[in-house]
Structure formats: structure tokens, C-alpha cells
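Working notes for the structure below.
Rule-based calculations on the coordinates, nothing more; no lab input. What you see is a predicted model; the values in this text were computed from it and never measured. Please note: Cβ atoms are built from the backbone with ideal geometry, for glycine as well, and neighbour counts cover all protein chains shown.
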Amino acid sequence: MAVKTFQTGSAPLLEVAADANLMVSGWYQDTVEAQVRSEDILTAEVQEDKLRLYAEGDLVLKVPIQSRLEVTLVEGSLTIATVLGEISIQSVGGHLNLQTTGPVTCGNVSGHCKFTGGTGSLRIRNIGGNLKGGSAVGPLIVSNVGGNIKLLDVLLVEKVHAGGNIKAKFPTSPNELEALAGGNIKLWVPVDANFNLEAHSGGEKVVLQSGNEPQRYSTGRHRATIGAGGPLVRLHAGGNVYILNSGWEEDLVAEDFVPVEEPSHDRTSSLINDRIERQVQAKLRAAEARASAASRRAEAKMENAMRKLDRFNLPNLEDFWPKAGSGIAAGAPPEPRSKVSDEERMIVLTMLSEKKITAEEANQLLDALNGKFGH
């Protein structure tokens, strides 16, 4: 492992890119520490107001807590923890994990996104997988999510599309919101919430809880004024729509984040080891697939050759192997047989000349008749 340190001040502007995984954590020092597998994969450029870092592999950074980050491209997964300056992310090829961050703007995330403890707004354009988050102070603005959305004490605003379900517990009364989901939409709101509801249910079921008793509507479309009314909340679900104020299903916590206090050397080793393990497993699977395909091709060729041989009434090869009850010990080598006869050889050569078999199949037949069996 190689470590490089850069003097930056307490609130530097950092531009970062990595060809693999990137992990960034804040610390109470006026320096940036970069950890990579070897120095030759790290490129650093110090400009007047910016430090640019690019790694041709995994990169682990320790940065001042008030750092501002511009992450251009991360081919693997990105984790950012305890960085309170503004964060801009263009593209993440893997998953995105955010823990205790300042305002974040992100373009595209190919995998899942998970966040907790945000101190500013979170704006994400596209997420290929699921979105899961909790305990954010600022609002969440996300345009497209390929999978499910699960939010705990997060205020979802503006317009969102989700391919799966949307399940969210709002910490305050909703703001303007339009949510479209391929599955169900289930929202928990405070009992004193004030907003106007417009719900469309493909499952023709809208459940609205007022007080302790939920009201069920089976028309598939329902409008209602909640409390004193207010912002318009429009919900379009391929499944059912639920608006509740109690009975929160506590299956959402912002877990599985790498602790900031965990030694950075261990994190680097873990990133590298995980990557090596994935590469090894991929090569093993590819080798197994090639071996299996080769075995199937060899078996098919031998079966085809033996079927052609049967048409010429050649001796049965099974006659040269011991049969059950013959008195020959299991695993004992078979009795040597005489070399292939001239008659047998002529039959094989005739089949070859008439192009009924290939040269390779002819050799296999002659080897078989001579008692030679390849491995």
C-alpha cells in the first residue's frame, strides 16, 4: 500500500476520479491523505484552488471535513462519509453510499443508493437500482429509480418515478410531490399533516387513514383534503396506494455503512481483496464454462463416430472390458487385445475416403480399436 499526503487547508476543493472503487472520509486535519495499491496508479495535480486526483484502481481518501468534492467518474462503488462541504458527483458505475454529508448533487448511479444523516439537500437524477435512506435534514429530489424506494424520516419532494414500490415516512407535512410507481405507494405522514391528495391506483385500492380507522376506496381514483389542505400530493401507482399516520413498518434503518473510525488500511485491503476475489471468481466461471463446452463437444463427436462405426458391424468395444461377475478385480486393467486388423482398418479408411467421417474421427476410431482411450 502506498500513501501520499497533500497540504490543502481546512476547506479545499478536490476533483477526484477512480477507475475502480472510491472511499472518502472526513477528518480534523488540514491535509488530504491518498491511499492506493501502488504510487504508479495515482496521478495528482495541484492547481491554484483545486487538488485533482485520479487513480487507475481503488482509491481511499482522508480529507478535511469541510472539503468540497467534485467526483467526475467512479467506475466502481463510491462511499462518502463525514464530508460537510458541497459534493458534486457526475457518474458512479457501482453503488453509492452517503453518510453524514453536506448538500449532494449526483447525475447517474448504476447500482443502488443508500444514505443517512444528510445535513443538506440530496438531488439525484438517475438510480439504476434501489434507493434507501434515512434521517436527512434536507429534502430529497430524485428523478428516476429503477427499483424500490424506502425512506425513513426523509421529505421526498418534486417529481419521482420508481420502477418498483415507494415506501416513505415523512418527518413533516408533505410539500408539492408527484410520485409514480410501478408497484405500491405507501406513505406515512404526521397526524397533523395538511395537504391535498390526488391518488390513482392500478390495483383499484386506495387506503386513507384518518384517526385510528383506515378508510378504503375501491374506485381506483380518489381525491381528498387532508387537514387544512395545502400542497398537492399526486400519487400514481400500478398497485395500491396507502396514506397512513401510524403503524410504521420498521424495516428500514440506514445500516451497512463502513464506520469512519475503522482503520483506513483495513478498508484499502478490503477493497483490493474484494476486487481480486471478483476477478478470480469470474475467471473460474469462464474456465468452467469453456471446459464444460469442450467436454460436450468431445462427447458429441465420439458418439457420432461410434454411431457411424456401428453401421459397419465392427466389434463391440464393450467386449474388451471386464463385466460384472467376471471375477476380474474392479479397477484392474483390461487384458490387452490384438492390434486392429487389416479388415477393420480398411473399413475405417473406406469411411474416410467416402467422407462419412472426418480424419479426426478416423484417428479416434483406430485408437479405440487399438485399445487406446484419450483422457
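As a rough guide to protection, the peptides 154-165, 228-239 ranked by mean Cβ packing within 10 Å, highest first, stand as 154-165, 228-239.
Residues whose amide H falls under 5 Å from that of Tyr242, counting only those 5 or more places apart or on a different chain, are Ile185, Lys186, Leu187, Val207, with hydrogens built in the peptide plane. When DSSP beta bridges are restricted to pairs lying wholly in region 1-154, around 20% turn out antiparallel. Within region 172-194, list the residues whose amide N lies under 19 Å from a label point set 7 Å along Cα→Cβ of Lys159. The answer is 175-183.
Amide H contacts of Gly85 (H built 1.01 Å from N, in plane; Pro and chain starts excluded): Ser67, Gly102 sit under 5 Å, all sequence-distant by 5 or more or on other chains. For region 1-84, what ratio Rg/Rh do Cα atoms give with a Kirkwood hydrodynamic radius? Computed over Cα atoms, the ratio is 0.92. Protection proxy ranking for 32-41, 110-119, using the average of other Cβ atoms within 10 Å per residue and placing the highest first: 110-119, 32-41. Residue separation of Phe6 and Gln29 scaled by 0.36 nm, minus their Cα-Cα distance, works out to 7.2 nm of gained length.
Scalar couplings 3J(HN,Hα) for region 50-60, obtained by applying the Karplus form with A = 6.51, B = -1.76, C = 1.60 to θ = phi - 60°, are 8, 10, 9, 10, 9, 10, 8, x, 6, 9, 10 Hz; x denotes Gly and Pro.
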